[in-house]
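Participant: Below you will find the structure I want to go over with you.
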Amino acid sequence: MNRSAIRENTFKLLYSKEIQKEINEEQIELFLEDNNINKEEQIEYIKKCFYGINENIDEIIELIERNLKEKWTIDRISKIDISILKLAIYEMIYAEVPYKVAINEAIELAKKYGDDSSKSFVNGILASIVKQKNIT
């Protein structure tokens with residue numbers, strides 16, 4: 001499984017959390033098993049992102065909110081788009097994934113899982129965050 005596939009599975013786990021609100025360790029293990037994720041490096045990356053996002057959720061949400069258009073609230077963002085944004089922001093800021101890679105991968109996820117406007121919405125928010133945080 002390549003990094004894009006690992007990232008896609010991480011997105012799916014984050015999306016599950018958006019739907020269910022809470023996911024425990026047992027559910028994570030079941031998710032990994034159901035998706036045939038059994039290599040240590042894959043499991044480690046998924047868990048690192050999942051728990052890292054949870055640990056830094058306040059800053060991640062604040063970055064998203066700060067970069068929304070006027071009169072937009074985070075509640076208006078689809079659960080798919082918010083999951084993609086959380087993962088990309090975590091990767092860019094905390095996991096030190098090059099921002100171009102994180103944005104490109106986020107856009108690919110948005111094309112595959114989001115609606116017609118997801119791609120440009122996700123790209124716009126992430127590009128704005130890169131400029132604001134001066135990420136290189």
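The values are calculated or read from the model by the stated rules, or taken from the named source; none is laboratory data. No experiment lies behind these values; they were computed from the predicted model shown. All Cβ positions, glycine included, derive from the backbone under ideal geometry; neighbour counts span all protein chains shown. Remember, those area values only see protein heavy atoms, side chains included, never the ligands or the DNA or RNA. Shrake-Rupley method; radii C 1.70, N 1.55, O 1.52, S 1.80 Å.
Participant: Place the peptides 26-32, 42-48, 120-126 in order of packing, highest mean first, counting for every residue the other Cβ atoms within 10 Å and averaging per peptide. Write down the numbers at each step before the final one.
Facilitator: On the way: 26-32: 14.0, 42-48: 16.7, 120-126: 19.4.
Going from most to least packed, we get 120-126, 42-48, 26-32.
Participant: Any aspartates and glutamates with Cα under 17 Å of the residue 131 Cα? List them, leaving off those in the same chain fewer than 8 positions away.
Facilitator: Within the straight-line cut-off, residue 131 pairs with 59, 62, 65, 91, 96.
Participant: Can I ask one more? Dipole of segment 16-84 (Lys/Arg Cβ +1, Asp/Glu Cβ -1, origin at the Cα centre): which of 83, 35, 20 lies farthest to the positive side?
Facilitator: Highest projection toward the positive end goes to 83.
Participant: Cross-link candidates for residue 39: which aspartates and glutamates have Cα within less than 17 Å, leaving aside residues fewer than 8 places away along the same chain?
Facilitator: Residue 39 reaches 8, 29.
Participant: Determine the per residue accessible area of the chain with all protein chains present and a 1.4 angstrom probe, expressed in square angstrom. All intermediate terms of the calculation are to be shown ahead of the outcome.
Facilitator: Numbers: 7880 Å² over 136 residues.
Solvent-accessible surface per residue comes out at 58 Å².
Participant: Whole angstrom only: what separates the Cα centroid of segment 64-84 from the Cα centroid of segment 1-57?
Facilitator: Segment 64-84 and segment 1-57 have Cα centres spaced 22 Å from each other.
Participant: Using a 1.4 angstrom probe on heavy atoms only, work out the carbon and sulfur share of the accessible area of segment 38-136 in %.
Facilitator: 46
Participant: Another one. Can you compute the charge dipole magnitude of segment 81-136 about its Cα centre, using +1 on each Lys and Arg Cβ and -1 on each Asp and Glu Cβ, nothing else charged? Give it in debye, rounded to the nearest 20.
Facilitator: My answer is approximately 160 debye.
Participant: While we're looking at this one, here's another question. Output the pairs from 12/86; 48/112; 79/111; 17/48 with a Cα-Cα distance over 18 Å in this structure; if there are none, say none.
Facilitator: Beyond 18 Å between Cα atoms: 48/112.
Participant: Please sort 9-18, 54-63 by packing, taking for each peptide the average over its residues of neighbouring beta carbons within 10 angstrom, highest first.
Facilitator: 9-18, 54-63
Participant: What does the charge dipole of the chain about its Cα centre add up to, to the nearest 20 debye, if the Cβ of each Lys and Arg holds +1 and the Cβ of each Asp and Glu holds -1?
Facilitator: 680
Participant: Determine, for each peptide in 71-84, 95-108, the mean count of other beta carbons within 10 angstrom over its residues, then list the peptides with the highest first.
Facilitator: Values: 71-84: 15.9, 95-108: 17.4.
The packing order, highest mean first, is 95-108, 71-84.
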